[in-house]
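Here the structure comes first, spelled out in structure tokens, and everything after it is commentary.
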Amino acid sequence: MRSRYSAFVLGLGDYLVHSWHPDYLGELTAELLSQTDTQWDGLEIIASQGGPDDILGMVEFKAWFVEGETRQCLHERSRFVRHEGRWVYTDGEIDPVTLRIGRNDPCSCGSGKKFKKCCGN
């Protein structure tokens, strides 16, 4: 997962195609995946499943990015499968649950500040 995140940051479309299961790639091409319009700002791995002897795996992560002047988060549970001896991405589920954050709760951006002193002002 970290290598795919780095590939998105650096616009390495060939690597992304190589690490994507061909049955799930659809109309995506290396050229399309090489576009670096998004300003990525960090990756947090929350959980992972799948070891050297497994066929299926999962990685839950939060990828932070900046849109305009706002830091936002893509929270996804990505599914992987072994294909030709290597882990490849199949698809993912974007976490649809929006958490209600109280003013005194830690900010969801991961800054360590209270929400009211960070993104909530």
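Of note:
- FRET efficiency, Asp54 to Glu31 (Cβ-Cβ, R0 30 Å, nearest 0.05): 0.40
- Rounded accessible area per residue of the chain, 1.4 Å, Å²: 68
- Counted over all Cα-Cα pairs of the chain, pairs farther apart than 20 Å make up 51 percent.
- Cα gyration tensor shape of the stretch 1-58, rounded if a/c is under 1.5, else prolate or oblate by comparing a/b with b/c: oblate
The values are calculated or read from the model by the stated rules, or taken from the named source; none is laboratory data. Given the structure is predicted, the values throughout are model-derived calculations rather than measurements. Every residue, glycine as well, gets a Cβ built from its backbone with ideal geometry; the counts of neighbours run over all protein chains shown. SASA here: full protein model, heavy atoms, side chains in, ligands and nucleic acids out. Shrake-Rupley method; radii C 1.70, N 1.55, O 1.52, S 1.80 Å.
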